[in-house]
Every structure is written in C-alpha cells, then in structure tokens.
Amino acid sequence: EEEWVRRSEKLSIIGQLAAGVAHEIRNPLTALKGFIQLLQAKNTPYTEIMLEELDRINSIVNEFMTIAKPQALTYTACDLKPLLESVIQFMQPQALLCNVDIRLETEGAVRPISCEPNQIKQVLINLVKNAIEAMFSGGVVTVTLDGTDEEWAVVRITDEGEGIPEDKLPQLGEPFFSTKSMGTGLGLMVCQRIVEAHKGTLSIASMVGQGTTVTIVLPYHR
Ligand code: ADP
Ligand code: MG
C-alpha cells in the first residue's frame, strides 16, 4: 500500500496564471457557442462535435476559475454531514448509471468545520466522481465521516475500483495528468488547492486491483 501526501508551492503560481487566462478565454468561448448554436439550425453533423469540444474547454476553464478565487472567500461554521448528504444526492444519477452504491458512514461526534461550503462541496463531488469512474463494473463507494479525532474532522472516500499504480502516484494532482479519454486532469489539483486553503490535507492510499481511499483532514471551527 502506498501513502501519498502532496506538498504544493507551485500551485499558487499556477493559480495566479489561471485567473488571468481563464477570464480571457471565457468571453470568446461564450460568443463561439452562440454562433455554433445558430449554425446548428443548418443541421451539419460537425456542429455537434464543435459544441461538445466547446463544453470540454468550458469545463477546463471552470475548474481553473475555482483555483483562481480562494482569497476572497468567507468561511463559516458548517456541518459536514448535511453537506456530504447533499453531495451524495447530487451524484446519485451518475452512480445509478454506473451501478454504484454510495454509502455514508459516521464514526464519533463530528463538530462543525470552518469552510466555504460550496468549495468543500466541489472537492467532495470531484472525489466521489473519481471513485465512481474508477469502478468499471460498479461497486460500492463508502464515504466515511470520522469525528474521533479531537482536532480534525476526517472524511474518507473509499472505492473498489482499479486502483492507482505506484509509479503514477507522484503525478496525481499535477495539472492535466489524466488516464481518462475524456478527463481534464484538473480535479485533484483543484481539490488539493481548496483543501490547502482550508488549512487541511489531502492524501491518497491505493492498491491496484483493490481500490483507493482518499482522505481529507480539516480543522474544526473554533
Ligand atoms: P480526471 O478525473 O479528469 O482524469 P483528476 O485530477 O480528477 O482528473 O484525476 C487524475 C487521475 O488520477 C485520473 O485520471 C486517474 O488516473 C487517477 N485517479 C484519481 N482518483 C482515482 C481513483 N479513485 N481511483 C483510481 N484512479 C484515480
Ligand atoms: Mg476527476
């Protein structure tokens, strides 16, 4: 079993760059989409592909936009359990489609954490999505909310998927590293960045053929 914890000074520079680039790309992207939708009325098969590719660029830009923002956020005391429940509900359609059962387990008493709820939601959505995508023939994703530690709230997301080869572990969280044909390779980087902004940590333990556990540790609100 491999344990991987990522330290990332490089990410703040990437974030600053991303802010500018993402912003500049967004307007022409929206304009292009409008024109292609107009063309679609003429019914050429290529407009479908063009729109798909535009959506792909759009999701990359959106993920970069999240990286760009963390400074201006307001942190509030927030309960993780309802947040996890809403994420699980949000992921239900994709889970059903992939034959995946998402279970929520709680250990100990979890106190509120200090967070920007939408950002923590985005982290959890990215991680549950990765867990579902790792299980080609379905299975169980277990989300564990662990309040047994005095100082930290712990969330574990465990899947029964393909796992991650040892030599790939150092590359996780690097921008654009993806083993998926339709992947952006930005999800884990965004997660890492948001968790760090919350003064928490994200670590990954994996075994090929058995599955992966991603653990996020977040400080309690005080
Ligand atoms: P994407 O999902 O778009 O590929 P991510 O940054 O979310 O980008 O993930 C990067 C890569 O890390 C994935 O392509 C996959 O190879 C690997 N990975 C992430 N989560 C898991 C998981 N739960 N099980 C197996 N591999 C994973
Ligand atoms: Mg992903």
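No value in this document is a laboratory result; all are computed from the given coordinates. In this text the structure is predicted, and so the values were computed from the model without any measurement.
Figures for the structure shown
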quantity	calculated
Long-range Cα-Cα pairs in the chain (distance over 20 Å), rounded percent	63
Length gained when the stretch VAL208-ASN62 is fully extended (0.36 nm per residue, less Cα-Cα span)	49.5 nm
Subset of LYS33/LYS121; LYS81/LYS199; LYS81/LYS180; LYS129/LYS168 violating a 21 Å alpha-carbon distance limit	LYS33/LYS121; LYS81/LYS180
For region 126-206, radius of gyration divided by Kirkwood radius, i.e. Rg to Rh on alpha-carbons	0.97
Mean Cα-pair separation over length for region 71-206, i.e. relative contact order, pairs under 8 Å, 6 or more apart, %	23
DSSP beta bridges in the chain [antiparallel fraction, %, rounded to 5]	75
Orientation-averaged projected area, Cα convex hull of region 89-174 (nm²)	6.8
Cα gyration tensor, region 46-152 - rounded (a/c under 1.5), prolate or oblate	oblate
Hz values of 3J(HN,Hα) by residue in region 148-154 - Karplus curve (6.51, -1.76, 1.60), Gly and Pro given as x	7, 7, 5, 9, 10, 8, 10
Helical segments meeting 18 Å axial Cα length and Kyte-Doolittle 0.0 threshold in the chain (DSSP H)	10-40, 46-68, 80-97, 117-133
Beta bridges per DSSP with both ends in region 86-175, % antiparallel, nearest 5	35
Placed amide H near VAL208: partners under 5 Å, 5+ positions off or other chain	ILE164
Separation of alpha-carbon centers, region 113-137 and region 140-201, rounded to whole Å	8
